[in-house]
Amino acid sequence: MISEQRRRAYLEAMQVAVWLPRSELPFAAPSRPELLHFEITQAAPAPVVEPERPAATPAVPAVEREPVAPPGTSGAATEVVRSAMQRIAKPEPRKPVVPADEPAADRVEAAPVMPPPRFALQLMRAGNVLLLVELPTGESFQSRDPAYILLKDLLRAARLPDSPQQVGDGEPIRWPLLHRGSLDQGTEAARDYVQGVVAAELEELGCACIWLIGAPALRFAGEVDAEACYRELIVEGLGPALTMPGLEQLMEQPDSKAQLWKAMRRSMPRWSLGS
């Protein structure tokens, strides 16, 4: 037989609740104080998380007992037994556990990953002008494409050759370069790539200016918004540039051709004098 204290220690380690009487039993032998205060004074052999007790059975602290008279005693001893039977321990209110605030670093939400921009641009040359044109379908122009026919009309109106020649290897400038991998293919990388290709062609061909046609050409070569059309601006590293809306937009909005014609007339001396 093991001692009572060791038995209670084993039960506590196995997370088995040990129950004690809530009141004095009539004519019972006095309990030993070391057993009543065991849960408070005895340290557990290992840190054990106490399971949450049901609300209907709260934990009861040990009751300080008075000596009880043995059986057959009368008088003052009987009064002690009667008063002990009437004493019921009141459960102590449990203090709410307030979780500590999480560190600020743990609460920082990860920034959303933006997908890389997608576009296709075609570089061509017409006389003394370099053209950077948005490809509406993502593929190179065909001779019967409505967008290409409109581009030929614009070149004739600007007194430029209406048969633009593809420069370099003739392949469109496509973005993103890779569909997989960990390389940076965001907006800044796309702008650096487009401006680098255009600057190299301008240096080799020696054109007087560049036409930026379409929102991707304006954004990634001219560093301006799509609304910044029908004007001439100076792009650092590229020189003078004339901004135009996309060819599909010009076909859908015939009134915009009048605004484009005014802008072309203002810039026409630049490529006419340089030719």
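The values are calculated or read from the model by the stated rules, or taken from the named source; none is laboratory data. Bear in mind that the values here come from a model prediction, so they are computed numbers and not experimental data. Here the Cβ positions follow ideal geometry from the backbone for every residue, glycine too, while neighbour counts run over all protein chains shown. We work out accessible area using only protein heavy atoms, side chains counted, and drop any ligands, DNA or RNA first. Shrake-Rupley method; radii C 1.70, N 1.55, O 1.52, S 1.80 Å.
A few points about this structure:
- Two-site label geometry, Arg7 and Ala29: point separation in nm, points 7 Å out along Cα→Cβ: 1.3 nm
- Kirkwood-Stokes translational diffusion coefficient of the stretch 154-275, alpha-carbon pairs, 10 °C, 1.306 mPa s, µm²/s: 102 µm²/s
- Volume per residue of the C-alpha convex hull in the stretch 206-261, rounded to whole Å³: 76 Å³
- Cβ-based net charge around Cys209, under 9 Å, with every Lys or Arg adding one and every Asp or Glu removing one: 0
- Normalised by residue count, the stretch 116-197 yields a Cα convex hull volume of 102 Å³ per residue.
- Cα pair distances of the stretch 174-223 binned at 5 Å [whole percent]: 4, 19, 26, 23, 15, 8, 4, 1
- The HN-Hα couplings worked out from phi for the stretch 153-169 by the Karplus form 6.51 cos²θ - 1.76 cosθ + 1.60 (θ = phi - 60°) are 5, 5, 5, 5, 5, 8, 6, 10, x, 8, 10, x, 9, 5, 10, x, 8 Hz, whole numbers, x standing for Gly and Pro.
- Sites Glu188 and Gln259, calculated FRET efficiency, Cβ-Cβ separation with R0 41 Å, nearest 0.05: 0.85
- Note, ³J(HN,Hα) from phi for the stretch 144-149, Karplus 6.51, -1.76, 1.60, rounded to Hz, x at Gly and Pro: 9, 5, x, 5, 5, 5
- Exposure ranking of Glu12, Glu171, Glu227, Glu201 by accessible area [1.4 Å probe, largest first]: Glu227, Glu171, Glu12, Glu201
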